[in-house]
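Okay, so here's the structure we're looking at.
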Amino acid sequence: MRPLSDADAVFQSYGRCCRSERFFEDFYTHFMGSSEAIRAKFVDTDMPAQRHLLRAGLLWLIMYARGAPGGKLRDLGKSHSRGGYDIHPSWYGLWLDALMTTIRSHDPEYVPELERQWRAVMQGGIDVISGAY
Ligand code: HEM
């Protein structure tokens, strides 16, 4: 059997993680726990809605790595830029660390190789979003 590409392995891992709504709750617990400044960005946010938006946003990052056009990511780049939510590019490292912590505990088929694959797949889309800062 042909080995899965990084993007396909990540797509399948994401499918396993998405089976539980707790995945998105735990992600925001880890992410907001990583910095007071990040917590402050979400004080007025409807978190149940935000968890649903992230569910789609993560899919856009994976689809981008699988060759889909980056239009949705450029929209996120605009909303997250200094004229929008003002998300400094240095914060995406904490975002990715929180994501990896969450995946390790939620993907029942997690193996260490997935850490490298997830980081590689996310980075392309993160570059598009944070590059618009
Ligand atoms: C690649 C990483 C990220 C993805 C995929 C992502 C995805 C999203 C999506 C889909 C939305 C809703 C759509 C929109 O308003 O444009 C959103 C809103 C938001 N994101 Fe992100 N985001 C990322 C990174 C970050 C980071 C690092 C922060 C830092 C705190 C952040 C803070 C916010 C805030 C404050 C909102 C608006 C919340 C509100 O409506 O109250 N995001 N994000």
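The values are calculated or read from the model by the stated rules, or taken from the named source; none is laboratory data. Since the model is a prediction, treat every value here as computed from it, not as a measurement. Cβ coordinates were reconstructed from backbone atoms using ideal geometry, including for glycine residues, and neighbour counts include every protein chain displayed. To get the accessible areas, we keep the full protein, side chains included, count just its heavy atoms, and leave off ligands, DNA and RNA. Shrake-Rupley method; radii C 1.70, N 1.55, O 1.52, S 1.80 Å.
Accessible area per residue, 1.4 Å probe, Å², for the chain: what's the number?
Details: 7400 Å² over 133 residues.
Ligands and nucleic acids excluded, the figure is 56 Å² per residue.
About its Cα centre, the dipole of the chain is roughly 280 debye, where the only charges are +1 on Lys and Arg Cβ and -1 on Asp and Glu Cβ. In segment 6-131, what percent of the accessible surface is made up of carbon and sulfur (1.4 Å probe, ligands and nucleic acids excluded)? Answer for segment 6-131 is 55 percent, counting heavy atoms of protein chains only. Relative contact order for segment 6-131: 45 percent, from Cα pairs under 8 Å spaced at least 6 residues apart, divided by residue count. When segment 1-115 is described by a simple charge dipole with +1 on each Lys and Arg Cβ and -1 on each Asp and Glu Cβ, the residue from Ser13, Leu53, Phe23 located farthest towards its positive end is Leu53.
When the chain is described by a simple charge dipole with +1 on each Lys and Arg Cβ and -1 on each Asp and Glu Cβ, the residue from Tyr85, Leu99, Gly71 located farthest towards its positive end is Gly71. Note on Val111/Met47: beta-carbon distance plugged into 1/(1 + (r/R0)^6) with R0 of 22 Å gives a FRET efficiency of 0.10.
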